[in-house]
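Worksheet for the structure shown next.
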Amino acid sequence: ARCQCKVAPRERMNCGYPGISAGECRRIGCCFNASVPGIPWCFAPKAKRVRKICADDSHPRINCGYPGISAQECERKGCCFRARPAGVPWCFYRLVVEE
């Protein structure tokens, strides 16, 4: 996720120690960019952007309700409701995906 390292120089949060190498910086899960003097070269990546979706039928459904739950009650809990197919939960948790 290289885009997570596209952080404006003034917004960089230091992630290493003075003189840290690029390899050591990356090994601890941080970004390294030595192109701008006077600001942290080893810095924390941007948080991953995620969103919650109602997954397609190929993903396993994790039950969010109870037998006979209504679509309204299910959606009020923040879950997905699909009254098909038989034999799987109709009210199920949303899937978290990276953008």
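The values are calculated or read from the model by the stated rules, or taken from the named source; none is laboratory data. Computed from a prediction, not measured in an experiment: that's the story for all the values here. Don't worry about glycine lacking a Cβ; one is built from the backbone with ideal geometry, like all the others, and counts go over all protein chains shown. What goes into the accessible areas is simple: the full protein's heavy atoms, side chains included, and nothing from ligands, DNA or RNA. Shrake-Rupley method; radii C 1.70, N 1.55, O 1.52, S 1.80 Å.
Here are the numbers for this structure:
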quantity: Residue tally, condition of a type in the set (D, E, K, R) and either closer than 30 Å to residue 7 by Cα or at pLDDT 95 or above (or both), over region 49-84; calculated: 7
quantity: Count of residues meeting criterion [touching a Lys or Arg at 6+ places or on another chain (Cβ under 7 Å) and either part of a strand (DSSP E or B) or over 13 Å from residue 8 (Cα atoms) (or both)] in region 19-46; calculated: 2
quantity: Subset of region 33-48 (residues that are surrounded by 11 or more Cβ atoms within 10 Å (Cβ to Cβ) and under 22 Å from residue 98 (Cα atoms)); calculated: 43, 44, 45, 46, 48
quantity: Qualifying residues in region 56-65 (those that are assigned to a loop (DSSP other than H, G, I, E, B) and touching a residue at least 24 places away in the same chain (Cβ under 8 Å)) - the one nearest to residue 99 (Cα to Cα); calculated: 59
quantity: Filter result for residue 53 (open to solvent by 90 Å² or more (accessible area, probe 1.4 Å), in contact (Cβ under 8 Å) with a residue 24 or more places away in the chain and of a type in the set (A, V, I, L, M, F, W, C)); calculated: no
quantity: Number of the condition not met by residue 74 [criteria: (1) farther than 30 Å from residue 10 by Cβ; (2) in contact (Cβ under 8 Å) with a residue 40 or more places away in the chain]; calculated: (2)
quantity: Number of the condition not met by residue 4 [criteria: (1) assigned to a loop (DSSP other than H, G, I, E, B); (2) under 15 Å from the mean Cα position of the chain (by Cα)]; calculated: (1)
quantity: One residue from 84, 10 being charged (D, E, K, R), open to solvent by 90 Å² or more (accessible area, probe 1.4 Å) and assigned to a loop (DSSP other than H, G, I, E, B); calculated: 84
quantity: Subset of region 87-99 (residues that are modelled with pLDDT under 95 and open to solvent by less than 80 Å² (accessible area, probe 1.4 Å)); calculated: 88, 89, 95, 97
